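Below: one structure, written as C-alpha cells.
All of the numbers you see were taken from the coordinates with simple rules; none came from a lab. Everything numeric here is computed off the predicted structure, so don't read it as measured data. Using ideal geometry, Cβ is built from the backbone for each residue, glycine included, and neighbour counts are taken over all protein chains shown.
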Amino acid sequence: MSIIANFLGSILHYIQEVVGNYGLSIVIFTIIIKMILLPLTIKQTKSTHAMSEISPKVKEIQKKYKNNPEKQNQEITKLYKEAKINPLAGCLPMLIQMPILVGLFWVLKNPIKYGVFPSKEVMEATGLTFLWVKSLTKPDYILAVLSGVSAFFMQKTMTPPDQEKQMKIFMYVMTGMSFYWGFIFPAGLTLYWTLSNLFSVAQYFVITKPLKDRLAREKEGVANGKNN
C-alpha cells in the first residue's frame, strides 16, 4: 500500500509544484483520478444495469424455489448464463479501485510522509487555505457537513430504484461516516471526498445515465426484433 501511496503522493506533488496552491491541486488531482477510473466506472455501471434488469426474474426464482436452495441456485445460475451476466463483474472494478482509494486516504492524511511536501516548513509556507477553509491540514466543520450531504446525494442518485430498500441502511451509514470523517480528518482529505462524491453525481448524469438509457433502448430493440 505504501508503494501506491508514494506514487499518488508524487503525482500530487507535481501538480502542487505547477499550480502552487494545495487546495486547487487537490481539486485537479481529484478530477484526474476520477477520469483514470472512468473505464472501470462504466464497466461497473453496465454490470449493475444488467443485474437490475433481471432482478425481477431472480426474485421469482427465489420465491418459487424457496424450499429448495439447491434448485434455486441452479436456476439463478442458469438465468445468469442465459443473460450472459457475471454477478461478480460489478465487484471487480470496486476491488481494483479500493487500493487506490486507500492510498489516497493515506496521502491526504499525511502529505509530508508521502512526498507531497518535503517538510512541514515548506507545507506551511505554501499556504494551506482554500476558499473559506483556514487550513487544509485541520478539520473544517462546514466542509464536514458538505461531505455528508454530498455522500447522501450521491448514494440517493446512483442507487437503482429496485435496490433502494436494500441499500437504504448502507446509504445512511455512508452519510453518517462521511459526516464523522469530516469532523476528525484533515480538510484536505474531506475536500477530496466531497469533490469525488460531486464528480460521481455529475459523471452519472453526463455519462452513466445516457449509457443506461442506451442499453435500455438496445434491449428494447432486440426484444422488438424477436417479436417481429
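Beta carbons within 10 angstrom, averaged per residue: use that to sort the peptides 106-113, 117-124, highest first.
Top to bottom by mean Cβ count within 10 Å: 106-113, 117-124.
So how much slack lies between Glu121 and Leu198, counting 0.36 nm per residue of separation and subtracting their Cα-Cα distance, in nm? All intermediate terms of the calculation are to be shown ahead of the outcome.
Numbers: separation 77, 0.36 × 77 = 27.72 nm, distance 3.22 nm.
Gain on extension, Glu121 to Leu198, equals 24.5 nm.
Between Asn73 and Lys156, with labels modelled 7 Å along Cα→Cβ, what's the label distance in nm to one decimal, could you check?
4.0 nm
Checking the table Lys113/Lys134; Lys34/Lys57; Lys71/Lys156; Lys34/Lys78; Lys43/Lys113 against a 29 Å threshold on Cα-Cα, which pairs fail?
Lys34/Lys57; Lys71/Lys156; Lys34/Lys78; Lys43/Lys113, as the Cα separations exceed 29 Å there.
Give the order of Glu60, Glu75 when sorted by the count of other beta carbons within 10 angstrom, beginning with the fewest. All intermediate terms of the calculation are to be shown ahead of the outcome.
Working: Glu60 12, Glu75 18.
If I rank by nearby Cβ atoms, fewest first, I get Glu60, Glu75.
Please rank Thr194, Thr129, fewest neighbouring Cβ atoms within 10 Å first, as an exposure proxy.
Details: Thr194 23, Thr129 13.
Ascending number of Cβ neighbours within 10 Å: Thr129, Thr194.
Can you list residues whose amide H is under 5 Å from Phe130's amide H, if they're 5+ apart or on another chain and H is modeled 1.01 Å from N?
none
What list do you get for Val19, Val116, Val206 if you sort them by fewest beta carbons within 10 Å? Present the calculation step by step, with values, prior to reporting the outcome.
Details: Val19 15, Val116 28, Val206 10.
By the 10 Å Cβ count, ascending, the order reads Val206, Val19, Val116.
So, in nm, how far is label Lys138 from label Asn21 when the simple model puts each one 7 Å beyond its Cα toward the Cβ?
Label-label distance for Lys138 and Asn21, simple model: 2.1 nm.
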